[in-house]
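Heads up, the thing below is written out as structure tokens.
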Amino acid sequence: MNMTPRMEHWLLLFVILMFLIPCGLIILVSEEAGYYQVSTDPAASVTRMTGYSVLSVNDTPWNVPGAVGGKTYTLEDPNGQTVMIATQAFDSAESRDAAIRTHNANVVGRGKQVGSLFVHGQYVVYVTPANHAILPAIKASADAMKS
């Protein structure tokens, strides 16, 4: 197919717009998680949920700048599957966000574990396995503490 130079320019413009429009929408629609102080660990109330057995709770400081302490909860769901919830509080939004960027920079299997990560106030919450049924309950508990 022999294209004219004018057609090539339109095609190039179309390809560029197909890339820029979704990127622009993502930037405009996404919002940064705010940094605010919450009084309790967002996973603490969820560990007492009906049907989940608490196997262990350990104080676990992460070895990253700005981490001020957290806990690792090992739970067993009603189906017998083990769920690990790790929480960590940070002293500033910058240190919290730097820890998240470091986590996201790792490739799965090479320093990055498979799990779901989310932010609540000064806390980073990490749930393994990813997308476990307990994740919406933790988020709902965190949202309830926020309001």
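Check the range 32-52 and report whether any residue there is modelled with pLDDT of 80 or more and surrounded by fewer than 11 Cβ atoms within 10 Å (Cβ to Cβ). No, there is no match, as no residue in the range 32-52 is modelled with pLDDT of 80 or more and surrounded by fewer than 11 Cβ atoms within 10 Å (Cβ to Cβ). Taking first residues from the range 35-51 that are within 16 Å of I85 (Cα to Cα) and among the small types (G, A, S) and partners that are modelled with pLDDT under 75 and surrounded by 10 or more Cβ atoms within 10 Å (Cβ to Cβ), the Cβ contacts under 6 Å between residues at least 6 apart in sequence or on separate chains come to S45/S141. Within the range 114-142, the residues that satisfy the criterion of being aliphatic (A, V, I, L, M), without any contact (Cβ under 8 Å) to a residue 60 or more places away in the chain and surrounded by fewer than 19 Cβ atoms within 10 Å (Cβ to Cβ) are V114, L117, A130, A133, A140.
The values are calculated or read from the model by the stated rules, or taken from the named source; none is laboratory data. None of these values were measured; they are calculated from a predicted model. Glycine gets a Cβ as well: all are built from the backbone with ideal geometry, and neighbour counts include every protein chain shown.
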